[in-house]
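The values are calculated or read from the model by the stated rules, or taken from the named source; none is laboratory data. Keep in mind it's a predicted model, so treat the numbers as computed, not measured. Using ideal geometry, Cβ is built from the backbone for each residue, glycine included, and neighbour counts are taken over all protein chains shown. What goes into the accessible areas is simple: the full protein's heavy atoms, side chains included, and nothing from ligands, DNA or RNA. Shrake-Rupley method; radii C 1.70, N 1.55, O 1.52, S 1.80 Å.
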Amino acid sequence: MHLFDPQKHFACAGIVGSSFPPAVGAALSFKLDGKDNVAVAFGGDGSLNQGMFMESMNLASLWKLPVIFIIENNEWAISVNVKDSTPLIRDSDRALGFNMPSKYVPDNDPIQMYLAAKEAVERARSGKGPTLISIDTYRYYGHFEGDPEVYRPKDEVKNLMAKDPIKRLRDQILNEKLASEDEIERLENSALEEIDQAVKFAEDSPDPDGNDALADVYAPGYYEQEPKSRGRKLPMYMAISEGISQEMEKDSSVLYMGEDVGVYGGIFGATTGLYKNWT
């Protein structure tokens with residue numbers, strides 16, 4: 001929850017559905033900068049019913065942005081079954097309302113997931129826009145630490161464990177002689193060692209220093225320059241317009257967007273003249 005790694009281009013927030021708008025923003029920046037990067041947003045079946053998801057799908061499809069929306073349907077929210085929260089037969093059907101292609105990956109199938117993702121990435125990089133990928137999966141543990149799990153049948157997990165995708169893929173690799181038992185065992189041991197090293201690093205790391213609590217909160221140099229307009233009294237809408245203009249003048253990558261903020265200037269006139277000056 002709330003994990004960020006700029007070097008890996010990874011971000012995770014705890015609010016349901018919150019991954020979709022930032023992915024759309026990243027995809028828009030990729031498109032404007034002429035990059036071939038593709039943004040990918042993950043959400044559970046519960047996030048399908050959030051307004052953020054609908055808004056993100058709409059804008060991504062309208063502007064043909066290079067973004068992929070992946071829904072991991074594990075059948076349960078905390079204790080509410082997906083059948084009690086949506087009338088959809090498949091989550092992928094949601095894409096129809098946004099004129100967006102979709103892929104449905106049933107039964108925890110990793111090979112089908114790879115093929116669906118490959119096609120979606122190629123589509124995004126070719127300028128054709130977003131794709132929705134819906135995955136049928138499952139969670140073998142509770143929604144949170146200490147979850148009593150009184151809401152689902154006791155034998156449900158046991159039956160589904162037999163379809164664990166990792167075990168199934170392992171068996172497929174062996175049956176098709178793509179790798180030997182020894183090679184797979186070395187891979188498994190390497191993965192476990194990497195996990196152990198990460199846990200040890202976390203346990204051995206010092207506690208955070210309270211003096212750096214504000215680090216990375218504000219943009220570098222944001223308050224270094226004295227405001228040009230200090231001492232003047234302006235109506236709020238003019239102050240907003242001037243502040244936006246100053247930021248756009250200082251940084252050419254700043255993009256201001258919103259409904260009616262272009263030629264019209266918004267219903268309060270806060271962006272009047274900006275469109276003419278910056279287009």
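Points worth noting:
- Scanning segment 1-25 for residues that are in a helix (DSSP H, G or I) and open to solvent by 30 Å² or more (accessible area, probe 1.4 Å) turns up 6, 7, 8, 21, 22, 25.
- Test: residue in segment 66-88 that is at pLDDT 95 or above and hydroxyl-bearing (Ser, Thr, Tyr): no
- Flag for residue 52 being under 14 Å from the mean Cα position of the chain (by Cα), open to solvent by less than 20 Å² (accessible area, probe 1.4 Å), farther than 18 Å from residue 137 by Cβ and not polar (S, T, N, Q): no
- Residue selected from segment 104-163 under the condition of a type in the set (Gly, Ala, Ser) and in a helix (DSSP H, G or I), by the criterion surrounded by the fewest Cβ atoms within 10 Å (Cβ to Cβ): 117
- Residues located in segment 49-76, provided they are under 23 Å from residue 156 (Cβ atoms) and touching a helix residue (DSSP H, G or I) at 6+ places or on another chain (Cβ under 6 Å): 71, 73, 75
- Filtered by the rule that a residue be open to solvent by less than 80 Å² (accessible area, probe 1.4 Å) and aliphatic (A, V, I, L, M), segment 164-182 gives 169, 173, 174, 179.
Results for (1) closer than 30 Å to residue 249 by Cβ; (2) more than 27 Å from the chain's Cα centre (by Cα); (3) open to solvent by 100 Å² or more (accessible area, probe 1.4 Å); (4) at pLDDT 85 or above, shown as yes or no for each residue.
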{"site": "184", "(1), (2), (3), (4)": "no, yes, no, yes"}
{"site": "189", "(1), (2), (3), (4)": "no, yes, no, yes"}
{"site": "194", "(1), (2), (3), (4)": "no, no, yes, yes"}
{"site": "199", "(1), (2), (3), (4)": "no, no, no, yes"}
{"site": "202", "(1), (2), (3), (4)": "no, no, no, yes"}
{"site": "210", "(1), (2), (3), (4)": "no, yes, no, yes"}
{"site": "216", "(1), (2), (3), (4)": "yes, no, yes, no"}
{"site": "219", "(1), (2), (3), (4)": "yes, no, no, no"}
{"site": "224", "(1), (2), (3), (4)": "yes, yes, yes, no"}
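- Lone qualifier among 94, 90 - being open to solvent by 60 Å² or more (accessible area, probe 1.4 Å) and free of Cβ contacts under 8 Å to residues at least 60 places away in the same chain: 90
- Any hit, segment 243-258, residues being charged (D, E, K, R), exposed (fewer than 12 other Cβ atoms within 10 Å of the Cβ) and either at pLDDT 95 or above or assigned to a loop (DSSP other than H, G, I, E, B) (or both): yes
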